[in-house]
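What follows is a short report on a single structure.
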Amino acid sequence: MKPTKSRCLSIFLALCTLPLVDLAEMSIASNSDSLVPASANGKSSSAQADSVEQTSQSEPKEGDSKIHVAVITGGHGFDEESFLSLFKGHDDVAFDHLAQEDDSEVFEDISDWQYDVIVFYHMTQKISPQRQAIFLHLLDQGVGVVALHHSIAAFQDWPEYEKIIGGKYLLKDRAEKEGNGKASGFKHDVEFTIHLEDHPITQGLKDFKVQDETYINCTFEPDNTPLLTTDDPTSDKLIGWTRTYRNARICYIQPGHGVSIFANETYQSIVARAIRWCAGRM
Ligand SMILES: [Zn+2]
């Protein structure tokens, strides 16, 4: 059953007031049978937890009001220093960079989950049914998702991912029984103007010019709320949107290939605000 809007909001607000550690405990307690793997309290998971603990910048402390963000990469090259600079220098944001080596291991064990928002900048493909279920469970708990650029081409063989993100970059032609569609395309180093739609994320900002990669012939879910558009002929018109999926706020931003756009102040503001919006903080 699809929750009503007001129910979604009340669950969401209730979750926002919970300390993060309670969120993690609740997710284990209420779903220990189906979602948390048998190894959750075993040796392999504690090894993983140790490594997170040693490197985590974002472990919540008492009275901590920061938004804790898991930045997920893997499956595609990128300029790490300039990309990660997007998440630095914000008083209200703490992040961990979780580079995936096995495509989606972040969703293997959430017994130590501490994040309000996931930022996807990955293009990995493998996600087991168990990891899918754990990811969906996080969305049920109100964990938001900011999906950037090539993350719209991740998990191509999992149809639900397209519904979560609100679209798909088709790496190959899609068969008729799957809903049809020609493979999507890309073009690097395009100079184009990004038009801002009216939204809390764009409030007070102005349309801006960038040099970045465009995509064309992606798919779009009909219930996306437009956030960014462009008239450039090498691109689809809609290049950014927000949506809700289960109890989660989702924001997709198509531009984000490289160093040039990461240095753009308006783009930096949009990414930071998207994190806040997906965390329910604006
Ligand atoms: Zn790219």
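The values are calculated or read from the model by the stated rules, or taken from the named source; none is laboratory data. This one's a predicted model, so the numbers in the text were calculated from it and none came from an experiment. For neighbour counting, all protein chains shown are included, and Cβ atoms are generated from backbone atoms with ideal geometry for every residue, glycine included.
Thr193: more than 16 Å from the ligand (Cβ to nearest atom), surrounded by fewer than 19 Cβ atoms within 10 Å (Cβ to Cβ) and at pLDDT 95 or above, yes or no? Spell out how you get there, then give the answer.
Working: more than 16 Å from the ligand (Cβ to nearest atom): yes; surrounded by fewer than 19 Cβ atoms within 10 Å (Cβ to Cβ): yes; at pLDDT 95 or above: yes.
Against the criterion (more than 16 Å from the ligand (Cβ to nearest atom), surrounded by fewer than 19 Cβ atoms within 10 Å (Cβ to Cβ) and at pLDDT 95 or above), Thr193 qualifies.
Can you work out which of the residues in the stretch 248-262 that are within 16 Å of the ligand (Cβ to nearest atom) and over 13 Å from Phe83 (Cα atoms) is farthest from the chain's Cα centre (by Cα)? Before the answer, list the steps.
If we filter the stretch 248-262 for residues that are within 16 Å of the ligand (Cβ to nearest atom), which is where we start, we get 252-262.
Filter once more, so that each one left must be over 13 Å from Phe83 (Cα atoms): 252-254.
Numbers: Tyr252: 7, Ile253: 10, Gln254: 12 Å.
Among them, the one singled out is Gln254.
For (1) surrounded by fewer than 24 Cβ atoms within 10 Å (Cβ to Cβ); (2) in a loop (DSSP other than H, G, I, E, B); (3) in contact with a helix residue (DSSP H, G or I) (Cβ under 7 Å, 6 or more places away or on another chain); (4) acidic (Asp, Glu), each residue gets a yes or a no:
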| site | (1), (2), (3), (4) |
| --- | --- |
| Val106 | no, no, no, no |
| Ile110 | no, yes, yes, no |
| Gln114 | yes, yes, yes, no |
| Gln125 | yes, yes, no, no |
| Arg131 | yes, no, yes, no |
| Leu136 | yes, no, no, no |
| His150 | yes, no, no, no |
| Glu162 | yes, no, no, yes |
| Leu171 | yes, yes, yes, no |
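The rows are residues; the columns are (1) in contact with a helix residue (DSSP H, G or I) (Cβ under 9 Å, 6 or more places away or on another chain); (2) of a type in the set (Phe, Trp, Tyr); (3) part of a loop (DSSP other than H, G, I, E, B).
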site	(1), (2), (3)
Pro226	no, no, no
Asp231	no, no, yes
Arg243	yes, no, no
Tyr252	yes, yes, no
His257	yes, no, yes
Thr266	no, no, no
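One line per residue, one yes/no per condition, for (1) closer than 23 Å to Thr219 by Cα; (2) within 16 Å of the ligand (Cβ to nearest atom):
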{"site": "Phe107", "(1), (2)": "no, no"}
{"site": "Ile118", "(1), (2)": "yes, no"}
{"site": "Leu148", "(1), (2)": "yes, yes"}
{"site": "Ile152", "(1), (2)": "yes, yes"}
Sole exception among (1) closer than 21 Å to Ala154 by Cβ; (2) more than 16 Å from the ligand (Cβ to nearest atom) for Glu265, by number: (1)
Of a type outside the set (Phe, Trp, Tyr), in contact with a Leu (Cβ under 6 Å, 6 or more places away or on another chain), surrounded by fewer than 15 Cβ atoms within 10 Å (Cβ to Cβ) and within 20 Å of Gln254 (Cβ to Cβ): which single residue out of Asp198, Asp207 fits that description? Asp207
Could you list, in sequence order, the residues of the stretch 117-135 that are in contact (Cβ under 8 Å) with a residue 60 or more places away in the chain and within 12 Å of Ile165 (Cα to Cα)? Val119
All but one of (1) touching a residue at least 60 places away in the same chain (Cβ under 8 Å); (2) touching a strand residue (DSSP E or B) at 6+ places or on another chain (Cβ under 6 Å); (3) crowded, with 20+ Cβ neighbours inside 10 Å hold for Trp277, so report the exception by its number. (2)
Ile239 is checked against (1) more than 14 Å from the ligand (Cβ to nearest atom); (2) outside any loop (DSSP other than H, G, I, E, B) and fails just one. What number does that condition carry? (1)
